[in-house]
1. Taking Cα atoms, how many degrees apart are the long axis of helix 224-257 and the longest axis of the chain, rounded to 10 and kept between 0 and 90?
2. Give the whole-number value, in cubic angstrom per residue, of the convex hull volume spanned by the C-alpha atoms of the stretch 91-229.
3. Can you give me the angle between helix 57-102 and the longest principal axis of the chain, using Cα atoms only, in degrees from 0 to 90, rounded to the nearest 10?
4. Give the value in nm², to one decimal: projected area of the alpha carbon convex hull of the chain, averaged over all directions.
5. I want the local charge near Val502. Using Cβ-Cβ distances under 12 Å, sum +1 for each Lys or Arg and -1 for each Asp or Glu among the other residues.
6. If one takes the longest principal axis of the Cα atoms in the chain, at what angle in degrees, from 0 to 90 and to the nearest 10, does the Cα axis of helix 134-154 lie?
7. Starting from the eigenvalues of the Cα gyration tensor, five times each then square-rooted, give me the equivalent ellipsoid semi-axes of the stretch 2-315, largest first, whole Å.
8. Taking the Cβ of His307 as the centre, find all other residues whose Cβ is under 12 Å away and add up their charges (Lys, Arg: +1; Asp, Glu: -1).
Amino acid sequence: MGSLTKLFAFMLRFAREVRFARFLIAVAVIGGILAGVSSVGLVSIVGRVLSHRQQSDQVFWIFVALCVALPVCRFVSDLSLIGIAERSQFELRRVLFEQILGAPLRRLEQVGSARMLAIMTEDVGVIIGAMTTLPLLIMHLAIVLGCLIYITVLSWKIALITLGVIVVAVIGYQLPNARATVHFSRQREAWDVMFELFKGLTSGIKELKIHQARRQAFLVDRFEPAARRRMHYRVRGLVAFSAARAWGQITLFALFGVILFGIDGRFGDFTDEALAGSVVALLYIMTPFEVLLGALPQIAQAAAAVHKAEELESELKAEEFGITRQQLDEVTEENWQELRLEGVVYEYTLEDQDESFTLGPIDLTFQRGEVTFIIGGNGSGKTTLTKLLLGLYRPDAGVVRLDDQVIDLERLEAYRQLFSVVFSDFYLFEDLIGINSEGLDLQAQDYLEKLHLEKKVKIEDGRLSTVELSQGQRKRLALLHAYLEDRQVYLFDEWAADQDPVFKQIFYDKLLPELKSHGKTVIVVSHDDRYYEQGDRLIKLVDGKVLSVVKPGTAA
């Protein structure tokens, strides 16, 4: 019952954007109840006809009316709830998208993409699947309750015996039901591991194909144990629910035996109508009773999925604000002169280690219109520094300033609009999404020629004809996006690492000077020391500290 209540509460919450949502849910519930009542009415008429008590025209037309009312009420109930369920699905995914987009990057990195994907796909599907069965469950619950009321009208003694047997069935059901709920929760946790493996399979397919031992180990040592674990808990959960359902059937059959062979004469004399009607009613509720018991695994899985979704929502509560026009103008006004990091410190735990890494304290100034190279070995803190510069990480101590303006939480989103970035682990969008400028296709075509990609890629209605290119060419397309964004600060993280020698030279000797000549501030993370002379300053990091800030060509 708790799982069903949780599912209803969740549906009400996410259906709030639908007009007349509560009304439609009420219609769905009432429709299900009326469908159940119509079924009970049919049982009553069948019982009366079988006992030869009533076979009038009036009873016939009541029978016909109930035969029509039953499917109509069920259709209305289904129709009302289908829209609510689909809208709830839309709202849930929209909220999760919004919260992922608004959550701090470091928190998203800690949650992990596999867990977010599992919730957005598997959990949402399970929740909506359970929601769409609610009208059917309501109808069958109404049938069970209505038949019990009908039996009570026929004979309170038979009803009392029936109620006692049902209580015994429910008590006997609770133990396997509790175990099944635990198993389904563990099965859901195993899905997070499975999605991480799916991600590894799709992202690392080339590495797996080229290395037979790694491929075999990935299958045997990683995938199979995780898949077996999920299968193990799911099977145990389903077996527990099957045992509970079998127990319910046993108690019902025992009740039939009592009514048919052991009740008459021992607990009083009963009319043929009471005995026949009670047996017909009990036979009729067997299917609804089994449906209710059979739906419990789905409801329990949906409740576990709701818990996971709400847990993620709680973890990803957005801490970042939208942008007002005034904030955007304040931060991105053209006359700013310098970007400063003052006493900036950022600490985090290294992956798969208990040790922590501290960047800082960092005191740096980036002048408008200059080209700055950031250099340093692996693990020196370059990537962390760039994320702090971009506002993707928030400092544990110190501040970031644009001239004299502190970039606080309220200005953070507007501040990020200063930057165009090509990350070392960039993602390439297939269309020029979010870039709105007149003559966009023509501008893009000009840049494609500049990047020597005009023979590989075409632009039509802001969409790239293909992104299936070499890594170096894909990085050039990422640079195309950055050019078209036309922001004030450009940051390139190891952009030239995948370029051939010819285009590497074009990047450093032609493209960077062009950006500078247009007044752009350029920050380049690079190991290409032969091109450092193109920069105005060279910042060297070692173990999270700034070792030196010099002009290229001078002693470090």
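1. Tilt relative to the chain: about 20 degrees.
2. 165
3. Around 20 degrees separate the two axes.
4. 34.9
5. Every neighbour counted, the sum reads 0.
6. Between helix and principal axis, roughly 20 degrees.
7. Square roots of five times the eigenvalues give 47, 25, 15 Å.
8. -2
Read the figures in this text as sums done on the coordinates, not as results from a lab. Just so it is clear, the model here is predicted, and its values are computed rather than measured. Quick reminder, even Gly has a Cβ in these numbers, built from the backbone with ideal geometry, and neighbours come from all protein chains shown.
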